[in-house]
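J.: Just passing along the structure, written as structure tokens.
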């Protein structure tokens, strides 16, 4: 399993309790859905695979934000989203591992210009889509 932040550290540093906001949750979910519809229309190529991958990561991140908000919590850091998901839905350990791997690749893309490998994306695309469907289901 990928190393996650300790929940106690999350709650003392960056996670705070908030009022669950159904309108905001709905808006976040709608944005994630629109992004997902848009990205699924694109043809994946060697040149655009990194950007399509990045959009899948953003969709997952948005849905985790909505899911956390649904539970009355807010986080200022992506890593805490993953710890939250792992803590609340421990039965999805494989999905948490995939998401944390996506985060590492996305950070390499954003901060170091390292492109996402086309073969990696093709091999893992179905997992990304399944995670997105799962998160949509959980947030409802």
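Derivation of every value follows stated rules applied to the coordinates shown; laboratory data play no part. Given the structure is predicted, the values throughout are model-derived calculations rather than measurements. With ideal geometry, Cβ positions are generated from the backbone for all residues, glycine too; neighbour counts draw on all protein chains shown.
J.: Once you have all Cα-Cα distances for the stretch 7-139, histogram them in 5 Å bins from zero and send the whole-percent values.
T.: Reading upward from the zero bin: 2, 10, 20, 22, 21, 14, 7, 3, 0.
J.: Taking the simple approach of a point 7 Å from Cα along Cα-to-Cβ for both residue 79 and residue 140, what is their distance in nm?
T.: Simple spin-label model gives 3.4 nm for this pair.
J.: Using Cα pairs closer than 8 Å and at least 6 residues apart in sequence, work out the relative contact order for the chain, in percent.
T.: Relative contact order, the chain: 34 percent.
J.: Using Cα-only point scatterers and the Debye equation, what is log10 of I(q)/I(0) for the stretch 52-103 at each q in 0.15 Å⁻¹, rounded to two decimals?
T.: For the stretch 52-103 at q = 0.15 Å⁻¹, log10 I(q)/I(0) is -0.36.
J.: Rounded to the nearest 10 degrees, what's the angle between the helix 118-139 long axis and the longest principal axis of the chain, both from Cα atoms, 0 to 90?
T.: 30 degrees
J.: With a Förster radius of 41 Å, plug the Cβ-Cβ distance of residue 41 and residue 89 into 1/(1 + (r/R0)^6) and report the FRET value to the nearest 0.05.
T.: Working from the Cβ atoms, E equals 0.90.
J.: Looking only at 44, 96, 65, which one moves most when the chain is put into a Gaussian network model with springs between Cα atoms under 10 Å?
T.: For the chain, modelled as a Gaussian network with Cα springs under 10 Å, the answer is 44.
J.: Something else about it: Taking Cα atoms, how many degrees apart are the long axis of helix 22-40 and the longest axis of the chain, rounded to 10 and kept between 0 and 90?
T.: So the helix axis and the longest Cα principal axis differ by about 10 degrees.
J.: Expressed as an acute angle from 0 to 90° and rounded to the nearest 10, what is the orientation of the C-alpha long axis of helix 93-112 relative to the principal long axis of the chain?
T.: Computed tilt is about 60 degrees.
J.: According to the Cα gyration tensor, what semi-axes, each the square root of 5 times an eigenvalue, does the equivalent ellipsoid of the stretch 67-140 have, listed from largest to smallest in whole Å?
T.: 23, 16, 10
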